[in-house]
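Q: Pasting in a structure now, in structure tokens, and then I'll have a few things to ask.
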Amino acid sequence: MSITRLAALGHEEPTLLPLARRLLTVAESGLPSMLLPGGEAFAFTMAGRRTAAGSWTLERRGTSTRYAAITALGVRFLPEDRQRAVLGGRTAEEFTGLLIESLPGVTNLGDAALIAWAAAETGHPKLSDALARVDALDEDGRPQYTVEAAWVLSAMAAVRSTVDVERRFSAVRDRLLRARVGDSPLFPHATGPGLVPWYRAHVACFADQTYPLQALARAHASGDGDPEALAASEACAARICELQGDGGQWWWHYDARTGQVVEGYPVYSVHQHAMAPTALFDLTDAGGSDFGPAIRKGLRWMTDAPELAADPKPLILDELGVTWRKVYRGDPKKAVRAARGLSTRVAPGLRLKTLDRVYRPLSVDRECRPYEFGWMLYAWQGGLI
């Protein structure tokens, strides 16, 4: 699959092929430093710190089970020797085994779903343990965050050919489809009321769109076909592509009721080089439309971000093995997002344009997280086919 995707990129826009290869090299070189001592877990983030001499150093902070599982999903597409180089001497299947062993202490549904997905994709013999943990955490009728509900569906789609999960598959597929508000093609932040305060229940993020559209595409591809799931995936993809910024930006917050942008910033690197390509490629592989122009437009932002044109700041640091996390407004306590969330609750479409002049997106968040590279490897090296 990697030849197909990279070859297609080279055919459609040859100038972007070196950028994609550069990013993949950065991912493979950067991930080993994100592995915690002992090689059994990944850090939550690598935080950049500027030295007195003006250079940057990195500090590992925290631990993340979900980021480790996403990394395994991406790394599995590498040759075995390169898997071991990234994962402290282990293959993706062996590393997934460590995650399965940690399941008794996993209390988050999304984490468990990602581990089950990784177990299915790597062919781990203890897949049943991971599925059992998902079942234990996913209480029937209980609302879930949309991202985590989507990961459950992706996991179920991945195991359908080897394990009888049809009852669970149908339930989580229907839950995701029912979560949409009215005729809007976009997905809300949660599949039902109770998890999000009323005043921002209409606000959904970019991840709330990409993971469901990916999961529904995978659901369609996993069996005899599911036209309703494919149509929902296609509609969501078409809408976020229609809303994509002139500079290739994948915007951050949307009104799930109207399908409009609530607040565009921050623009995250992972959305540009990994998450949007991952979801849109999977949709195309499942029989959906070709969203290649939008993928390429988003990828180009990594070196041509218009927000940084007046004061260029590189987002890719090859020598450190990182891509800086996002470009943002620098507004205190995410004030712009809060203001626009509240205003659009009562007046959908209200922009409060003065905020764009006061808080301009000129700041760079100097962090990098393992899942960014996990999805990057998945996007450009892997996929459904």
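Q: Given the conditions (1) touching a Leu at 6+ places or on another chain (Cβ under 6 Å); (2) closer than 23 Å to Pro227 by Cβ, and given that Ala116 satisfies all but one, which numbered condition is not satisfied?
A: The single condition Ala116 does not satisfy is (2).
Q: State all residues of region 175-186 that are open to solvent by 20 Å² or more (accessible area, probe 1.4 Å), in contact (Cβ under 8 Å) with a residue 24 or more places away in the chain and not in a helix (DSSP H, G or I); if no residue qualifies, say none.
A: Across region 175-186, the qualifying residues are Arg180, Val181, Gly182, Pro185.
Q: Checking Val159 against (1) open to solvent by less than 40 Å² (accessible area, probe 1.4 Å); (2) touching a residue at least 40 places away in the same chain (Cβ under 8 Å); (3) under 21 Å from Glu234 (Cα atoms), which test does it fail?
A: It is condition (3) that Val159 fails.
Q: Just wondering, is there one or more residues in region 85-105 that are touching a residue at least 60 places away in the same chain (Cβ under 8 Å), among the β-branched types (Val, Ile, Thr) and over 25 Å from Val165 (Cβ atoms)?
A: Looking through region 85-105, none of the residues is touching a residue at least 60 places away in the same chain (Cβ under 8 Å), among the β-branched types (Val, Ile, Thr) and over 25 Å from Val165 (Cβ atoms).
Q: Before we move on, is Trp198 among the aromatic types (Phe, Trp, Tyr) and modelled with pLDDT under 95?
A: When the stated conditions are applied, Trp198 passes them.
Q: For Asp183, all conditions in the list (1) over 21 Å from the mean Cα position of the chain (by Cα); (2) under 22 Å from Ala276 (Cβ atoms); (3) charged (D, E, K, R) hold save one; what is the number of the exception?
A: Only one criterion in (1) over 21 Å from the mean Cα position of the chain (by Cα); (2) under 22 Å from Ala276 (Cβ atoms); (3) charged (D, E, K, R) is unmet by Asp183, namely (2).
Q: Are there any strands (runs of 3 or more DSSP E) wholly within region 190-289 with 1 or more residues that are over 18 Å from the mean Cα position of the chain (by Cα), and if so which?
A: Fully inside region 190-289 and qualifying: 253-255, 260-263.
Q: Still on this model: Please specify each residue of region 1-58 satisfying the condition of being open to solvent by less than 50 Å² (accessible area, probe 1.4 Å), among the charged types (D, E, K, R) and either assigned to a helix (DSSP H, G or I) or within 17 Å of Phe373 (Cβ to Cβ) (or both).
A: Answer for region 1-58, where residues must be open to solvent by less than 50 Å² (accessible area, probe 1.4 Å), among the charged types (D, E, K, R) and either assigned to a helix (DSSP H, G or I) or within 17 Å of Phe373 (Cβ to Cβ) (or both): Arg5, Glu28.
Q: Does region 137-151 hold any residues that are surrounded by 14 or more Cβ atoms within 10 Å (Cβ to Cβ) and either free of Cβ contacts under 8 Å to residues at least 24 places away in the same chain or not small (Gly, Ala, Ser) (or both), and which are they?
A: The answer is Leu137, Asp138, Pro143, Gln144, Tyr145, Thr146, Val147, Glu148, Trp151.
Q: Does His253 satisfy the condition of being modelled with pLDDT of 95 or more and in contact with a Cys (Cβ under 6 Å, 6 or more places away or on another chain)?
A: Criteria met by His253.
Q: Residues that are in a helix (DSSP H, G or I), open to solvent by 30 Å² or more (accessible area, probe 1.4 Å) and modelled with pLDDT of 95 or more: does region 306-324 have at least one?
A: Within region 306-324, one or more residues are in a helix (DSSP H, G or I), open to solvent by 30 Å² or more (accessible area, probe 1.4 Å) and modelled with pLDDT of 95 or more.
Q: Of all residues in region 82-93, count the ones that are buried (at least 18 other Cβ atoms within 10 Å of the Cβ) and either assigned to a helix (DSSP H, G or I) or of a type in the set (S, T, N, Q) (or both).
A: Within region 82-93, residues that are buried (at least 18 other Cβ atoms within 10 Å of the Cβ) and either assigned to a helix (DSSP H, G or I) or of a type in the set (S, T, N, Q) (or both) number 5.
Q: To continue, here is another question. Hey, can you tell me all the residues within region 78-101 that are of a type in the set (Lys, Arg) and over 23 Å from Ala112 (Cβ atoms)?
A: Arg82, Arg84
Q: Identify, from the list Thr91, Thr25, Thr65, Thr51, the residue that is out of contact with any His (no Cβ under 9 Å at 6 or more places or on another chain), at pLDDT below 95 and hydroxyl-bearing (Ser, Thr, Tyr).
A: After ruling out the rest, the residue left standing is Thr51.
Q: Being over 18 Å from the mean Cα position of the chain (by Cα) and part of a loop (DSSP other than H, G, I, E, B) is the requirement here; does Val172 meet it?
A: no
Q: Test Gly110 against the criterion of being closer than 29 Å to Gln260 by Cβ, open to solvent by 10 Å² or more (accessible area, probe 1.4 Å), touching a residue at least 40 places away in the same chain (Cβ under 8 Å) and not aliphatic (A, V, I, L, M), and give yes or no.
A: no
Q: Then there is this: Would you check which residues across region 231-267 are open to solvent by 30 Å² or more (accessible area, probe 1.4 Å) and closer than 16 Å to Leu177 by Cβ and list them?
A: Within region 231-267, Ala231, Glu234, Ala235, Arg239 meet the criteria.
The values are calculated or read from the model by the stated rules, or taken from the named source; none is laboratory data. Note that the structure is a prediction, hence the values are computed from the model and not measured. Note that each Cβ is placed from the backbone with ideal geometry, even for glycine, and that neighbours are counted across all protein chains shown. Accessible surface areas use protein heavy atoms only, side chains included; no ligands, DNA or RNA. Shrake-Rupley method; radii C 1.70, N 1.55, O 1.52, S 1.80 Å.
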